[in-house]
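**Q** Take a look at this one; I'll ask things after.
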Amino acid sequence: MKMMKTNIILLFFALVVSQGAVAQDSAIQWYSIEEAQVLAQENAKPIFVDFTAVWCGWCKKMDQTTFADAKVVKVMNEGYYPVRLDVDNGDTFVFGGTSTTAKSMAQSMGVTGLPTMVVIAPSMESHHSIAGYQKPAQFIRSLREL
């Protein structure tokens with residue numbers, strides 16, 4: 001009986017761990033802006049910043065459709081360090097050696113509406129924007145054109 005309980009517990013933990021691995025592969029791995037900067041310097045991959053807000057309906061649609069698409073997830077996780085910044089969150093962070101907020105960073109990068117996504121070179125010296133809602137295939141094309 002004790003052996004059976006042990007086997008059931010081990011099976012349960014194996015299922016939990018395997019479900020976590022599947023979920024991780026099927027979702028974008030979002031980083032903090034601080035983590036992304038360090039990783040971009042170490043591995044020379046660009047930072048992808050999704051400027052968003054709780055009230056933004058098109059941002060929510062991007063989350064539910066585009067950012068949930070398996071091809072988009074693969075492109076994002078393999079080619080970028082994705083970061084999500086809420087422009088209404090007043091928390092400060094350091095970006096490029098300067099203390100800033102998501103709203104200030106968005107303004108300095110020319111963001112005038114949401115959703116806007118910005119791809120920042122690993123050197124932190126240049127960036128490109130993708131503005132507005134995009135369906136998965138269109139979004140992948142936009143990333144390739146940068």
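**Q** Taking the inverse of the average 1/r across all pairs of different Cα atoms in the stretch 46-146, what Kirkwood radius in Å do you get?
**A** In the stretch 46-146 this quantity evaluates to 13.8 Å.
**Q** Placing +1 at every Lys and Arg Cβ and -1 at every Asp and Glu Cβ, with all other atoms neutral, what dipole size does the stretch 29-145 have around its Cα centre, in debye to the nearest 20?
**A** That gives the stretch 29-145 a dipole magnitude of about 500 debye.
**Q** Are there chymotrypsin sites (Phe, Trp or Tyr not before Pro) in the stretch 38-133 that DSSP puts in a loop and that have at most 14 other Cβ atoms within 10 Å, and which ones?
**A** Listed in order of number, the matching sites are Trp55.
**Q** Of Lys103/Lys135; Lys74/Lys103; Lys60/Lys103, which ones are farther than 22 Å apart at the Cα?
**A** Lys103/Lys135; Lys74/Lys103
**Q** Bin width 5 Å, alpha-carbon pairs only: give the P(r) of the stretch 30-99 as whole percents, running from 0 to the bin holding the largest distance.
**A** P(r) over the stretch 30-99, rounded to whole percents: 3, 15, 23, 24, 17, 13, 4, 0.
**Q** Collect residues whose amide H, placed 1.01 Å from N in the peptide plane, falls under 5 Å from the amide H of Tyr31; neighbours closer than 5 in sequence don't count.
**A** Val83, Arg84
**Q** Of the DSSP beta bridges with both residues in the stretch 29-145, give the percent that are antiparallel, rounding to the nearest 5.
**A** So the antiparallel bridges in the stretch 29-145 amount to around 65 percent.
**Q** Counting only residues 5 or more places away or on other chains, whose amide H sits under 5 Å from the amide H of Phe95 once H atoms are built in the peptide plane?
**A** Close amide H contacts, sequence-distant or interchain: Thr100.
Read-outs: derived from the displayed coordinates by stated rules, not from any lab. As the structure is a computational prediction, the values presented were derived from the model and not from experiment. As a convention, Cβ positions derive from the backbone with ideal geometry for all residues, glycine included, and neighbour counts pool all protein chains shown.
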